[in-house]
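See below for the structure under consideration.
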Amino acid sequence: MARSTIMPTGVERFFSEDEIIVSKTDTKGIITYANQIFLKIAGYTEVEVIGQPHNMIRHPDTPGGIFKLLWNRIESGEEVFAYVCNMAKNGDHYWVLAHVSPSFDASGRITGYHSNRRVPEKRILDGVKAYYTKLHDVERQAGGGKAGAAAGLATIQAMLDRKGLSYDEYIHGL
């Protein structure tokens with residue numbers, strides 16, 4: 001089932017605070033590993049996800065600017081934490097606090113990416129959702145797609161500049 005044919009149901013799924021969703025990808029974002037918790041919450045089998053783009057679980061509630069920030073960071077060799085809404089195979093959604101980091105070979109070259117996702121704190125998530133709604137508006141006004149994602153990222157950077165914080169200081173201070 002292609003992601004583009006899956007419609008959000010509006011039904012939220014949950015996983016336990018003691019569970020960690022884990023996946024690994026190559027440098028192009030193609031899934032090379034998914035743990036059982038990932039498969040359970042997303043509703044896929046291992047055969048269905050291995051070799052597929054990780055964005056197969058992307059939910060439209062996460063603005064493009066967040067993914068642009070994430071990719072900019074990991075492609076430059078940095079880790080990143082981000083709040084992400086993912087979509088299960090049937091269109092249900094689940095929120096995570098993702099920690100994505102690059103994997104390196106012995107010569108320091110990036111060989112792929114590793115993501116651990118935990119249950120986000122509800123008190124933080126309510127504010128994240130409100131901010132993501134604002135980012136979506138900015139991205140729509142910019143025409144969506146790559147231009148929208150760039151506008152979303154510029155909006156994030158402007159907010160950080162106003163607050164005098166780095167992204168890491170901001171995200172860890174929520």
_Being over 18 Å from the mean Cα position of the chain (by Cα) and either outside any helix (DSSP H, G or I) or small (G, A, S) (or both) is the filter here; which residues of region 139-157 pass it?_
A142, G143, A147
_Residue under evaluation Y132, criteria (1) among the aromatic types (F, W, Y); (2) free of Cβ contacts under 8 Å to residues at least 60 places away in the same chain; (3) buried (at least 16 other Cβ atoms within 10 Å of the Cβ), criterion not met_ = (2)
*With respect to D105, determine if the residue is touching a Ser or Thr at 6+ places or on another chain (Cβ under 6 Å), of a type outside the set (A, V, I, L, M) and closer than 22 Å to P53 by Cβ.*
no
*Count, please, the residues in region 69-94 that happen to be under 12 Å from the mean Cα position of the chain (by Cα) and under 18 Å from L39 (Cβ atoms).*
4
*For W95, state whether it is aromatic (F, W, Y), in contact with a Leu (Cβ under 8 Å, 6 or more places away or on another chain) and within 26 Å of E48 (Cα to Cα).*
yes
*asked:* What's the total number of residues in region 102-120 that are free of Cβ contacts under 8 Å to residues at least 40 places away in the same chain and not in a strand (DSSP E or B)?
replied: 6
*Looking at (1) outside any loop (DSSP other than H, G, I, E, B); (2) without any contact (Cβ under 8 Å) to a residue 24 or more places away in the chain, which is the only condition I41 fails?*
(2)
_If I ask for residues that are surrounded by 15 or more Cβ atoms within 10 Å (Cβ to Cβ) and closer than 22 Å to E78 by Cβ, which ones from region 135-150 would you list?_
L135, A149, A150
*Selection count, region 1-33, where residues are at pLDDT 95 or above, farther than 16 Å from R118 by Cβ and in contact with a helix residue (DSSP H, G or I) (Cβ under 6 Å, 6 or more places away or on another chain)*: 3
*Considering region 29-74 alone, what residues qualify as being of a type in the set (A, V, I, L, M, F, W, C), out of contact with any strand residue (DSSP E or B) (no Cβ under 8 Å at 6 or more places or on another chain) and exposed (fewer than 15 other Cβ atoms within 10 Å of the Cβ)?*
V47
*Among the residues of region 88-106, is any of a type in the set (A, V, I, L, M, F, W, C) and closer than 23 Å to A150 by Cβ?*
yes
*Which numbered condition trips up G77, out of (1) farther than 22 Å from D168 by Cα; (2) assigned to a loop (DSSP other than H, G, I, E, B); (3) in contact with a strand residue (DSSP E or B) (Cβ under 8 Å, 6 or more places away or on another chain)?*
(1)
_Residues of region 80-101 satisfying the condition of being buried (at least 18 other Cβ atoms within 10 Å of the Cβ) and not in a strand (DSSP E or B)_ = A88, D92
*Matching residues, region 1-28, being surrounded by 16 or more Cβ atoms within 10 Å (Cβ to Cβ), assigned to a loop (DSSP other than H, G, I, E, B) and under 17 Å from the mean Cα position of the chain (by Cα)*: R13, F15, I20
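The values are calculated or read from the model by the stated rules, or taken from the named source; none is laboratory data. The structure displayed is predicted, hence computed values, not measured ones. Cβ atoms come from the backbone with ideal geometry, glycine included; neighbour counts cover every protein chain shown.
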